[in-house]
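Worksheet: one structure, shown below.
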Amino acid sequence: MKLIVLAKPIVLFILTVSSTVLFILLSRPSNQSSPRPASMAARSFVLWLHGLGDSGPANEPIKSLFTSPEFRNTKWSFPTAPSTPVSCNYGAVMPSWFDIHEIPMTSNSPREEAGLLKAVQNVHKMIDKEIEAGTNPSNVFVCGFSQGGALTLASVLLYPKTLGGGAVFSGWLPFNSSMVEQIKPEAKRTPILWSHGIADNMVLFEAGQAGPPFLEQAGVSCEFKAYPGLGHSIATEELKHLESWIKTRLQSSS
């Protein structure tokens with residue numbers, strides 16, 4: 001993975017996921033469950049959206065932690081964001097789903113809704129393609145870390161169908177309250193899992209805490225989990241909980 005050293009500490013956004021992936025591989029349990037035939041597992045789709053400055057392939061080892069037989073028929077997708085100038089890094093070009101104006105992110109940080117909505121359209125195309133291929137929308141899950149988590153939230157809330165769920169890791173609310181009017185009733189039935197480290201100094205914990213009240217007011221179900229001592233990174237504990245969370249929502253194959 002290409003690393004970019006910049007004047008501001010945005011390099012932490014680039015490094016945290018790679019270290020997380022390495023930690024996952026080293027701590028992976030050896031006593032995996034015996035797989036059952038793939039035909040018994042429902043077809044499902046997990047779309048993972050990376051953080052600022054990262055790449056899709058660098059996150060692919062995450063799927064190795066999902067060892068339950070329910071994931072035998074799961075298709076994983078790890079797209080890479082287009083490389084564009086990022087304002088908080090003095091215009092440096094790096095993989096970015098939309099522009100970010102300041103670091104650290106707080107509950108009051110400025111939003112870049114125009115670029116966000118363009119990114120949402122691209123995510124929707126990926127979801128549409130998988131549904132057209134035969135996956136039940138209830139078995140489609142969108143997950144993301146940091147900037148990818150913010151995009152995850154916007155993508156599932158603005159999608160016209162009810163999905164299996166959206167999982168936000170160290171993310172934030174990327175739009176203003178006026179966007180609530182665009183959330184369709186079907187999207188409000190898509191559950192949200194929000195995980196955030198209390199020690200996060202890049203996307204402050206307060207930015208994560210602002211999410212659940214907003215979603216509750218919009219009529220969206222959200223499970224919020226805080227992780228003491230966790231900085232701007234993903235812990236194996238979070239991903240194991242995600243595995244269980246998705247398993248309970250997968251629709252059985254017919």
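Remarks
- Unique residue being closer than 26 Å to F45 by Cα, hydroxyl-bearing (S, T, Y) and more than 14 Å from the chain's Cα centre (by Cα) when the list is T162, T152: T162
- Enumeration of residues in segment 165-194 that are within 10 Å of the chain's Cα centre (by Cα) and small (G, A, S): G166, A167, S170, G171
- Members of segment 69-86 found to be open to solvent by 60 Å² or more (accessible area, probe 1.4 Å) and either more than 20 Å from the chain's Cα centre (by Cα) or at pLDDT below 95 (or both), listed by number: R72, P85
- Scanning segment 182-194 for residues that are surrounded by 20 or more Cβ atoms within 10 Å (Cβ to Cβ) and among the aliphatic types (A, V, I, L, M) turns up A187, I192, L193.
- Matching option when the condition is among the acidic types (D, E) and in contact (Cβ under 8 Å) with a residue 60 or more places away in the chain, among E113, E60: E113
This table checks each residue for (1) within 23 Å of I246 (Cβ to Cβ); (2) touching a Ser or Thr at 6+ places or on another chain (Cβ under 9 Å); (3) part of a loop (DSSP other than H, G, I, E, B); (4) open to solvent by 20 Å² or more (accessible area, probe 1.4 Å).
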{"position": "A58", "(1), (2), (3), (4)": "yes, yes, no, yes"}
{"position": "S64", "(1), (2), (3), (4)": "yes, no, no, yes"}
{"position": "I100", "(1), (2), (3), (4)": "no, yes, yes, no"}
{"position": "S107", "(1), (2), (3), (4)": "no, no, yes, yes"}
{"position": "R111", "(1), (2), (3), (4)": "no, no, yes, yes"}
{"position": "G115", "(1), (2), (3), (4)": "no, yes, no, yes"}
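- Count - residues of segment 158-181 that are modelled with pLDDT of 95 or more, over 18 Å from F145 (Cβ atoms) and open to solvent by 10 Å² or more (accessible area, probe 1.4 Å): 4
- The residues of segment 229-254 that are in a loop (DSSP other than H, G, I, E, B) and open to solvent by 20 Å² or more (accessible area, probe 1.4 Å), listed by number, are G229, L230, G231, S233, A235, T248, R249, L250, Q251, S252, S253, S254.
- K129 at pLDDT 95 or above, over 16 Å from S55 (Cβ atoms) and part of a helix (DSSP H, G or I): yes
- The lone criterion from (1) open to solvent by 20 Å² or more (accessible area, probe 1.4 Å); (2) closer than 28 Å to G197 by Cα left unmet by F145 is number (1).
- Restricting segment 195-214 to residues that are buried (at least 22 other Cβ atoms within 10 Å of the Cβ) and of a type in the set (A, V, I, L, M), the residue that is farthest from F145 (Cα to Cα) is A207.
The values are calculated or read from the model by the stated rules, or taken from the named source; none is laboratory data. Worth saying up front: this structure is predicted, and the values here are computed from it rather than measured. Please note: Cβ atoms are built from the backbone with ideal geometry, for glycine as well, and neighbour counts cover all protein chains shown. Ligands, DNA and RNA are stripped out before the accessible areas are found, and what is left, the full protein with its side chains, is counted by its heavy atoms. Shrake-Rupley method; radii C 1.70, N 1.55, O 1.52, S 1.80 Å.
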